[in-house]
Amino acid sequence: MADATRPGPRQRLGARPRRVFGVMVGGLLLAVLLNAPALEQGAESMPYGRERDFWLAVWKPFATVSRLFFLDEPRNLLDRALGREQRGLFELPAAPGDEPGQPGGDATALPGRTPTPGRGTPAASPTPTPDPRPKLRTPTAADPLRVWIGGDSMVKVLGEAFVRQAAETGVIAATHDPQLSSGLTRPDFFDWPGHFNQLVQSGRYDVFIVMFGANDSQGIKTPDGQIFQPGDPGWTAEYRRRVAGVMDLLGGGNRLVLWVGQPIMRSAEFSQRMAELNAIYREEAAKRPWVQFIDLWPLFQAPGGGYDAYLRDDDGQVKEMRHPDGVHLVRDGGERAARTILSALKAEAGIP
């Protein structure tokens with residue numbers, strides 16, 4: 001009787017694969033629930049469109065369950081410990097102690113500042129109250145001019161060249177801070193307003209050199225939740241608001257802002273988009289005495305006016321200026337752009 005009821009070898013082996021499969025599925029489900037908010041956040045950081053909507057629809061139910069049972073707390077604690085918290089709104093904090101109506105002052109008094117969420121996006125900013133041009137001190141070797149240079153990936157090679165050239169002056173100390181793949185359209189990827197606010201509050205810098213745009217031609221989300229694509233009037237208004245806000249945040253206290261425009265690109269379509277962004281930078285800079293627009297476009301145009309990766313440099317030699325991707329600068333291109341920026345800075349600071 002005992003032998004008749006004992007499971008055979010096939011029955012005993014058959015139970016194990018089912019149990020292993022069940023454990024694997026359960027472990028996978030638990031892993032998804034523990035990381036669901038992060039997966040949802042990753043979907044939110046994708047370019048606005050159908051693919052982003054699809055993945056949001058997939059991960060949102062899991063993220064809801066994860067938050068409901070506090071399964072996301074271990075991941076949240078780890079992210080906070082590593083400084084990985086992200087923000088989704090383009091918020092431009094006011095600098096404490098500054099007067100309303102001045103650069104870096106009250107966020108409600110200057111154009112370009114973020115309104116209270118839900119109030120919508122303001123129209124293009126009016127001209128701020130005129131301010132005298134910043135008066136940079138004359139730097140010395142003992143007390144050099146403190147310069148910050150940063151932005152998106154376009155400023156990586158350029159910034160490296162600028163830091164080296166600035167050091168050769170003996171009176172300029174430059175800090176290089178590029179954030180690859182970042183820009184002004186997606187604060188959920190990198191919070192530039194918060195980063196700039198920390199830099200301003202530190203009081204360490206006399207000059208800010210910024211360069212954005214290469215990653216910004218994508219969908220943008222307004223404070224009231226509307227999403228606009230490049231070419232929409234709403235996109236231009238929101239992007240202009242952000243540019244103006246950053247310019248205002250960085251100004252004040254005799255600080256100078258050099259806003260570097262994008263160069264011509266190999267793709268005619270991409271060049272057109274960059275030209276439209278350059279127009280915004282130029283127009284907003286013209287309203288603010290503390291901002292100077294640096295135009296790199298003619299610097300990287302071929303003699304016929306189009307794009308060419310190889311150009312004649314200041315020494316008369318033809319050199320490769322652009323990366324094979326038709327967008328980024330290579331070493332000689334970075335050196336060429338850095339010389340132009342440094343020349344403008346020397347003129348402002350009275351450096352021979």
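The values are calculated or read from the model by the stated rules, or taken from the named source; none is laboratory data. All figures in this text were calculated on a predicted structure; none of them were measured in a lab. Methodologically, a virtual Cβ is constructed for each residue, glycine included, from the backbone with ideal geometry; neighbour enumeration extends over all protein chains shown.
Report, by residue number, each residue of segment 135-163 that is free of Cβ contacts under 8 Å to residues at least 12 places away in the same chain and over 19 Å from Ser202 (Cβ atoms).
Let us first name the residues in segment 135-163 that are free of Cβ contacts under 8 Å to residues at least 12 places away in the same chain, namely 142-143.
Passing the criteria: only Ala142.
With at pLDDT below 95 and either of a type in the set (Gly, Ala, Ser) or closer than 28 Å to Arg241 by Cβ (or both) as the only criterion, which of Gly334, Gly326, Gly316 stands out?
Going through Gly334, Gly326, Gly316 in turn, just one is at pLDDT below 95 and either of a type in the set (Gly, Ala, Ser) or closer than 28 Å to Arg241 by Cβ (or both): Gly316.
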